[in-house]
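Some notes on the structure that comes next.
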Amino acid sequence: MINEYEMGIVGLGTMGRNLLLNLADHGYAAIGLDKDNSKVQLVRNSPKTSAPVEATQDLKTFLDHLRKPRAILLLVPAGATLEGVIDEMSPLLASGDLLIDGGNSHYKDTDRHEKTLEEKEIYFFGMGVSGGEAGARNGPSMMPGGNKIAYGRVRPILESIAAQVNGEPCVTYIGPRSSGHYVKMVHNGIEYGLMQLIAETYYLMKCGAGLTDRESSAVYQDWNKSELNSYLLEITANILKKKDNRTQKPLIESILDVAKQKGTGMWTCQDAMDLQVPLSTIDAAVAVRDLSTFQETRKRLRAVLVAPDSSYAIDRASFLDQLRDAYYASSNIFCTVSFPRK
């Protein structure tokens with residue numbers, strides 16, 4: 001049957017596959033495209049969903065089976081891979097079709113793609129997607145930006161598959177052009193800062209107060225029951241309790257002491273400097289991630305430099321109260337900084 005699928009997804013990695021199944025579970029027939037046959041087979045072998053779901057390696061088959069005007073979500077790496085997909089696909093699209101970039105692309109690239117495709121009467125959206133693997137399957141938070149009329153094509157779909165809070169979907173039209181990707185960029189930058197603050201509180205609990213990982217986990221669980229409640233604190237508490245399946249030792253001891261990044265935190269800092277908005281916490285978080293990549297250098301320095309003595313006596317309860325207050329103050333100060341758009 002031709003034109004039978006409501007929406008298509010290009011890129012069937014963990015995020016793409018889970019979003020495809022999420023669509024089908026909410027009654028939207030969906031088709032995926034990936035050049036990797038193993039990923040195509042994973043979709044085909046997935047448990048039964050409410051609506052039909054299919055996957056293919058063939059671009060023509062993919063496009064022929066989409067309802068017009070087509071709505072296609074791209075979940076491929078930003079940069080060269082995304083550019084290649086757009087270049088390959090755009091000549092085969094028709095007036096009114098909508099391409100949505102759900103990756104972490106730089107907002108200036110999104111503006112460029114929108115302008116280029118607009119000349120062909122093809123709509124292009126940049127849409128931030130947050131929530132990771134579990135969110136993609138059960139309900140992500142999404143930040144779409146682009147032509148407001150084109151948003152009407154996908155609005156009911158996105159509202160159906162989004163996470164729900166108090167009956168409200170975690171998706172809304174952000175604004176024109178690259179607004180969606182810009183908001184996602186700043187969102188990620190804020191996460192960089194919060195993750196660095198959590199890392200520093202963990203270090204102080206472990207090396208200053210002498211808490212075990214399970215004790216630190218209990219502290220984060222307690223904080224998460226208060227106004228500090230956040231997804232990041234929740235998963236930190238869970239990770240500190242988790243054991244490595246292979247060694248049965250705490251998982252935290254097996255995690256590589258190197259933090260990678262996709263660029264969004266760095267872009268947030270760069271744009272903030274252009275706008276003369278100080279973001280010292282996020283600046284520091286990006287710098288620490290950069291420093292973490294010099295793992296061998298850090299190992300050599302640890303063998304030579306002597307760390308300060310941290311064995312001094314403290315009142316643990318008082319220390320944890322002050323640490324909680326410091327985390328609260330730090331996270332609120334930098335999260336409420338005004339961030340105007342040019």
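We did not get these values from a lab; they are worked out from the coordinates using the rules stated. Everything numeric in this text was worked out from a predicted model, so none of it was measured. Virtual Cβ from ideal backbone geometry, glycine too; neighbours counted across all protein chains shown.
Tabulate in residue order the Karplus-calculated ³J(HN,Hα) for region 170-183, using 6.51 cos²θ - 1.76 cosθ + 1.60 with θ = phi - 60°, rounded to whole Hz; enter x for Gly and Pro.
My calculation for region 170-183 gives 7, 7, 7, 5, 7, x, x, 6, 9, 3, x, 5, 5, 5 Hz in order.
At q = 0.11, 0.13, 0.17, 0.19 Å⁻¹, what is the log10 ratio I(q)/I(0) for region 7-177, with the Debye formula run over Cα points and no solvent?
-0.40, -0.57, -1.02, -1.32
Go through region 282-290 residue by residue and turn each phi into a ³J(HN,Hα) via Karplus (6.51, -1.76, 1.60, θ = phi - 60°); whole Hz please, and just put x for glycine and proline.
Running phi through 6.51 cos²θ - 1.76 cosθ + 1.60 with θ = phi - 60° gives 6, 4, 5, 5, 5, 4, 5, 4, 4 Hz.
Using alpha-carbon pairs under 8 Å, 6+ residues apart, how would you state the relative contact order of region 1-146 in percent? Let's see the in-between values first.
Values: 286 pairs, mean separation 33.2, N = 146.
Once divided by the residue count of region 1-146, the mean separation gives 23 percent.
Report the far tail of the P(r) of the chain, meaning the percent of Cα-Cα pairs longer than 37 Å.
Working: 16174 of 58311 pairs.
Everything past 37 Å amounts to 28 percent.
Tell me which lysines have Cα within less than 21 Å of Lys35's Cα, excluding those fewer than 8 residues away on the same chain?
Of all the lysines, those that pass the test against Lys35 - Cα under 21 Å, at least 8 places apart if same chain - are Lys60.
Return the lysines within reach of Lys206: Cα separation strictly under 29 angstrom, same-chain partners fewer than 8 residues apart disregarded; answer none if there are no such residues.
Output for Lys206: Lys225, Lys241, Lys242, Lys243, Lys249, Lys260, Lys262, Lys299.
Set the Förster radius R0 to 25 Å, insert the Cβ-Cβ distance between Phe294 and Ser254 as r into 1/(1 + (r/R0)^6), and round the FRET efficiency to 0.05. Don't skip to the end; give the middle numbers.
Working: r = 21 Å, r/R0 = 0.82.
Taking R0 as 25 Å, the efficiency between Phe294 and Ser254 is 0.75.
What is the distance, in nm, between label points placed 7 Å from the Cα along the Cα-to-Cβ direction at Arg155 and at Asp321?
Placing both labels 7 Å along Cα→Cβ, they lie 5.1 nm apart.
Along its three principal axes, how long is region 77-205 when you only count alpha carbons? Whole Å, largest extent first please.
Here the Cα extents, ordered largest to smallest, are 58, 35, 23 Å.
Pick from Ile174, Ile252, Ile282: which is most flexible by mean-square fluctuation in a GNM of the chain where alpha carbon atoms under 10 Å apart are linked?
Sorting by GNM fluctuation, first place goes to Ile252.
What's the center-to-center distance, using Cα atoms, between region 68-82 and region 115-192 in Å?
13 Å
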